[in-house]
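Have a look at the structure below before the remarks.
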Amino acid sequence: MLSDLNINFQILLDAIGLIQGVTIGILLMVMGLRKYRRTFFLGLFLLFYSLELGYWIAINTKISSVHPEYYLLPLNFTWILFPLFYIYTQQVSVFSNSKIKYWLLAPGILSMLVQVGIYTMPYETRIVIKESFWHELIFWILGTYFSWIVAIWNLRLLYKHRVEVLNTYSFIEHRELQWARFFLIYLLFTSVFSHMIAYIFPTAFADNTVFSLLDLIAIYWVSYYGITQRNVRSLFSNTWNPKAIRSSSSPSNQNPDINTERLGEIMDHIDRHIKESNCFINSDLTIMDLADGVDEHPKLVSEAINTVTGQNFNSYINQFRITRAEELLRTDKGSHWSIEGIGTEVGFKSKSAFYSAFKKFTGTTPTQYRESRAA
C-alpha cells in the first residue's frame, strides 16, 4: 500500500528521473541503430543511470519492509556507467576508427551478474550479504575508484580529440565535445562530493534531496546533448607515416635540419595559396581542402602549421579571417554591414565564434573595435 511507504519530495524527484531517463535512454538506443548516429551506448548509460535511482527509491521508501522481494535490487551499476560513457565518446570522436575498448565493460557485466545471483538468494541471506564488509568493498568502494579512473582516462581521450579537431576543421562548434568533457567533470565532482559526505560527514545531509536534484540535472543534460550530438569524423588517414615519407624522400647525406627546412617551404606555399585564393572565407574549410590546394599530404600540412607557426589549423585560419574582418571594419563599406554580416563574410558560421576569435587575436570585440575607429 502507498500509505505504508515513505514518500517525500526526494522520492518524487528520483521517480521523475527514473521514468524520463529510461524513456530517453531507450530512444537513444533506438537512434543508435542508425549508421550516422552512435548513441546506443549513451542510451545504455542513461538507462542504467536512471534505473539505479530505483535502487535508492526502494531504500528511501522502505518498500522492502513491506515487500521483502524488493530488498537489494540488482540495480547497482557503479562498475559499468563510466565505461559505457567512455565507449560512447570514443565512437562519436575522431578516434572512432581506432579499436573500441569494449573490455572496459567486463567488470561491470560481471558485477551485474553477481548482483542478480545474490538477488535470487533467500531474503535472510541477502541481509547478511548486504551488511558484510565485502559487499561494501566490491560493489561500492572498488567500483567507485574504478569509475573515477575510467572517467579521468575519458577526459584524456576528449582532450586528444579536441587537439585533433583544432588541427582538422576551421569550424569547430559541435565538434569539440565540450559538453561531454564538462559532463564528466560534473559527474566526477558530484560523485566525489557525495562520497565525502557519506564517509566523512555522514550527518551533514540528513535530507538527500540535493543529490536527487543533481541526478535529475545529469539526466536532462545527457539527454539533450545525446539527441543533438552528431559523430565527429576524422579526415586524416590512419596509415600515413610522415617520418617515414620524409626520410625516404630526403637524401641520407643531407643535414638533419632538412625536415625543418622542408616544413618551412611547405609553410611558405601554404601562406601564398591562402592569400591568393582567399580560401579562408569558406566557413567549412578543412585541412584536407588546404592540403589539396597546395598538393601536400594533410598531415604534413598540419605538421608544418603546428611547427612553423606554433598554432593549430583552426587558429591559423582564423588569423586570416580576423585580419580581413579588421580591414572591413575600417572601411566605409564595412561600416554599413552588421557585425554578424562581417563575420559571415570572412568565414565564420556564427556570431559567437566570430566574437570569440576576434577577442582572442585583438584583445577587444568587433563592436568595440569599430567604435574605436569611428571615434
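The values are calculated or read from the model by the stated rules, or taken from the named source; none is laboratory data. The shown structure was predicted, so the numbers you read here are calculated from the model rather than taken from an experiment. Heads up, the Cβs are rebuilt from the backbone with ideal geometry, glycines too, and the neighbour counts pull from every protein chain shown. Heavy atoms of the whole protein, side chains included, go into the accessibility calculation; ligands, DNA and RNA do not. Shrake-Rupley method; radii C 1.70, N 1.55, O 1.52, S 1.80 Å.
Brief remarks follow.
- For the range 156-172, backbone phi angles converted through the Karplus equation (6.51, -1.76, 1.60; θ = phi - 60°) give residue-by-residue couplings of 5, 4, 5, 5, 5, 4, 5, 4, 5, 5, 5, 8, 10, 10, 8, 10, 10 Hz, Gly and Pro being listed as x.
- If R0 equals 22 Å, the separation of the Cβ atoms of LYS333 and ASP271 corresponds to a calculated FRET efficiency of about 0.30.
- For the range 318-358, carbon and sulfur atoms together expose 45% of the accessible surface, with a 1.4 angstrom probe and every protein chain in place.
- Packing, taken as the mean count of other beta carbons within 10 Å per residue, orders the peptides 160-166, 74-80 from highest to lowest as 74-80, 160-166.
- Between THR260 and GLN311, the modelled labels are 2.2 nm apart [label points 7 Å from Cα along Cα→Cβ].
- The ASP284 and VAL192 beta-carbon pair, evaluated with R₀ = 35 Å, returns a calculated FRET efficiency of approximately 0.30.
- For ILE149 and ILE16, the FRET efficiency from 1/(1 + (r/R0)^6), where r spans their Cβ atoms and R0 equals 35 Å, is about 0.65.
- Label-to-label distance, ILE217 versus TYR159, with points set 7 angstrom from Cα along the beta-carbon direction: 2.4 nm.
- Between ASN231 and GLU136, full extension at 0.36 nm per residue minus the direct alpha carbon distance yields a gain of 30.4 nm.
- Extension reserve of the THR209-THR364 stretch, reckoned as 0.36 nm per residue once the Cα distance is removed: 51.4 nm
- Only helices enter the 222 nm calculation for the chain: every DSSP H run of n ≥ 4 contributes -39,500 (n - 2.57), and dividing by all residues gives -20500 deg cm²/dmol, rounded to 500.
- Compared with the direct C-alpha span, the chain from VAL116 to GLU340 gains 74.9 nm at full extension, assuming 0.36 nm per residue.
- Rolling a 1.4 Å probe over the heavy atoms of the protein chains gives the chain an accessible area of 53 Å² per residue.
- For the options SER356, SER147, SER212, a Gaussian network treatment of the chain with springs between C-alpha atoms closer than 10 Å singles out SER356 as fluctuating the most.
- Size-normalised alpha-carbon gyration radius of the range 1-148, reference 2.2 N^0.38 Å: 1.16
- Here, the chain yields an orientationally averaged convex hull projection of 26.3 nm² when only Cα atoms define the hull.
- Modelled label reach - TYR102, point 7 Å along Cα→Cβ, the range 20-64 residues with backbone N closer than 16 Å: 33, 39-42, 44
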